[in-house]
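Presented below is the structure to which this report refers.
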Amino acid sequence: MQITKDTRISDLLTEYGDIAEVMEVFGIKRVGGYSLRLFIAKALTVEWAARIHRVPLDEFLGTLRRAVASQNRITP
């Protein structure tokens, strides 16, 4: 999956699992349990998540991409 500004957070959660640790790097607090985050994230794009939390979009995208790449190397 290519992660862009238009990627939905729910798609990231579905494809890669709980990415709360990555979000916390930017000071984005966990919202309830995993199922609650998945529900809230259905309409939220990467761009809007960055805006809401006042995180530079390019930096946010880069961190998400690196986290996914490192997760893919670990997963058999």
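Structure summary
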| quantity | calculated |
| --- | --- |
| Qualifying positions in the stretch 21-76 - modelled with pLDDT of 60 or more, closer than 18 Å to Met1 by Cα and charged (D, E, K, R) | Lys42, Glu47, Asp58, Arg65, Arg66 |
| Identity of the residue in the stretch 1-20, closer than 12 Å to Thr45 by Cα and surrounded by fewer than 18 Cβ atoms within 10 Å (Cβ to Cβ), that ends up modelled with the lowest pLDDT | Ser10 |
| Scope the stretch 48-66; condition within 10 Å of Ile9 (Cβ to Cβ) and more than 9 Å from the chain's Cα centre (by Cα); matching residues | Trp48 |
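The values are calculated or read from the model by the stated rules, or taken from the named source; none is laboratory data. Please read all numbers here as calculations on a predicted model, not as lab measurements. We place every Cβ from the backbone using ideal geometry, glycine too, and count neighbours over all the protein chains shown.
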